[in-house]
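The values are calculated or read from the model by the stated rules, or taken from the named source; none is laboratory data. As the structure is a computational prediction, the values presented were derived from the model and not from experiment. A quick note on method: Cβ atoms are made from the backbone with ideal geometry, for glycine too, and the neighbour counts reach across all protein chains shown. These area figures cover heavy atoms from the full protein model, side chains too; ligands, DNA and RNA do not enter into them. Shrake-Rupley method; radii C 1.70, N 1.55, O 1.52, S 1.80 Å.
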Amino acid sequence: MEKHKDEVILVTNDNGMVAKANMLKIPFFKLVKAQEEELYKGFIELYGTEEENDNKLFEMMEHPELLHANQYVILHDLDTDAETAVRWDAKLQEFVDIKYRTAKVKPLNIYQECAMDLLYNDSIPIKVIAGNYGSGKSLLSMKIMEEKIYTGLYDKMLLLRNPIAVDAIDIGALPGDFHSKLGHFFSPMVQYLTNDTMFDYKEAFDPKNEEASKRRGYQLDMDIVQNLKGVSVDRTIVILDEAEDLSLKLIKVAGTRIGRGSMLVMMGDIKNQTEDKYKYDNGLAAFIEQSKDEPLVGVIYLPMDVRSEMSRIFADMK
């Protein structure tokens, strides 16, 4: 520090170290949890008349270095209250209209329209659907991915989670086999699939249950991220839920398993983690920040709670 006074800074989340740094007048930066305003959300919002918004889009196209791959621009027309969106295609170096097609789910806001455009886009195989409580990330992802698996391009759907209870509350050993023990962790995902009988975990996840797979029309598997080491996952739709409760190392374990012809959808609420052990090693936040210029990656953040008015009261509590 004596040689490089202006270049060295101590980075820590240890309160004792912060106190020592203050006493010794050592410059420091204290790590904090990821804040919503600091996160890359995958979109820019413009507010103005139609002409003003169009002019701003042209200005952006003249400076593509300021845009990220697959970033959405949401246009709010102040004259008509209309909302539209376009996506920046880094390969084409131009804005393209968003497209989505489904009869199973209808978007409730412009942010969900962007999410549906991303989920349907086969040229973007890595998709991050982030958002608050009740923003619709699980519903949209599960229903559209189930729609995709019936196209025949994929052999199965694999659901992944890190089985962490809220506040790490331990309820003790659970009876039954692997699928029975972990099945309840996957109910937030399974509830949006077509066949309601899949709440029976044996029915839903046992890969040996050929009758259930035949009735469902596709193979549905589940696993925990830690079990994927050394595995290659080909021609599979992989859906990783509650990705905010994963370190970057675990995110890498999941992502590096993705093989040929597969697709990865990661869902998570970066602001609200179940387990504080990842609050300074938030793998999802790190992945978003490091991959936002990758053409194979798309990110969209859903900021609105659309579940219910009652849900919103609890979601807004600090």
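Keeping to the stretch 45-63, report how many residues are farther than 9 Å from residue 75 by Cα and open to solvent by 100 Å² or more (accessible area, probe 1.4 Å).
Summing the residues that are farther than 9 Å from residue 75 by Cα and open to solvent by 100 Å² or more (accessible area, probe 1.4 Å) in the stretch 45-63 gives 4.
Test each condition in (1) under 24 Å from the mean Cα position of the chain (by Cα); (2) outside any loop (DSSP other than H, G, I, E, B); (3) at pLDDT 70 or above; (4) under 25 Å from residue 104 (Cβ atoms) for residue 194 and report the one that comes out false.
The number of the failed condition is (2).
Does the stretch 282-297 hold any residues that are open to solvent by less than 50 Å² (accessible area, probe 1.4 Å) and among the aliphatic types (A, V, I, L, M), and which are they?
Scanning the stretch 282-297 gives 284, 285, 286, 288, 297.
Given the conditions (1) at pLDDT below 80; (2) open to solvent by less than 60 Å² (accessible area, probe 1.4 Å); (3) part of a helix (DSSP H, G or I), and given that residue 34 satisfies all but one, which numbered condition is not satisfied?
It is condition (3) that residue 34 fails.
Looking only at the stretch 225-257, how many residues end up being surrounded by 15 or more Cβ atoms within 10 Å (Cβ to Cβ) and in contact (Cβ under 8 Å) with a residue 40 or more places away in the chain?
17
Taking the condition closer than 30 Å to residue 133 by Cα and at pLDDT 90 or above, does residue 71 pass? Working first, answer last.
Values: closer than 30 Å to residue 133 by Cα: yes; at pLDDT 90 or above: yes.
Yes; evaluated as a whole, the condition is true for this residue.
Among strands (runs of 3 or more DSSP E) lying entirely in the stretch 198-297, which contain 1 or more residues that are modelled with pLDDT under 90 and under 17 Å from residue 187 (Cα atoms)?
It comes to 219-224.
Could you check, for the stretch 135-151, whether at least one of its residues is at pLDDT below 75, farther than 22 Å from residue 257 by Cα, assigned to a helix (DSSP H, G or I) and not aliphatic (A, V, I, L, M)?
Residues of the stretch 135-151 that are at pLDDT below 75, as a first pass: none.
Within the stretch 135-151, none of the residues are at pLDDT below 75, farther than 22 Å from residue 257 by Cα, assigned to a helix (DSSP H, G or I) and not aliphatic (A, V, I, L, M).
Yes or no, residue by residue, for (1) modelled with pLDDT of 95 or more; (2) touching a Gly at 6+ places or on another chain (Cβ under 7 Å); (3) open to solvent by 70 Å² or more (accessible area, probe 1.4 Å); (4) assigned to a loop (DSSP other than H, G, I, E, B):
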position: 85; (1), (2), (3), (4): yes, no, no, no
position: 88; (1), (2), (3), (4): yes, no, no, no
position: 91; (1), (2), (3), (4): no, no, yes, yes
position: 99; (1), (2), (3), (4): no, no, yes, yes
position: 103; (1), (2), (3), (4): no, no, yes, yes
position: 107; (1), (2), (3), (4): no, no, no, yes
position: 112; (1), (2), (3), (4): yes, yes, no, no
position: 115; (1), (2), (3), (4): yes, no, no, no
position: 122; (1), (2), (3), (4): no, no, yes, yes
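Could you give me the residue pairs with C-beta distances under 9 Å whose first residue belongs to the stretch 97-109 and is closer than 17 Å to residue 142 by Cβ, whose second residue is at pLDDT below 90 and in a loop (DSSP other than H, G, I, E, B) wherever it lies, and which are 6+ apart or on separate chains?
Sorted first by the residue in the stretch 97-109, then by its partner, the pairs are 104/194; 105/192; 107/100; 108/304; 108/306.
Among the residues that make up the stretch 175-190, is at least one of them within 27 Å of residue 292 (Cα to Cα), at pLDDT 65 or above and not acidic (Asp, Glu)?
The answer is yes, given that some residue of the stretch 175-190 is within 27 Å of residue 292 (Cα to Cα), at pLDDT 65 or above and not acidic (Asp, Glu).
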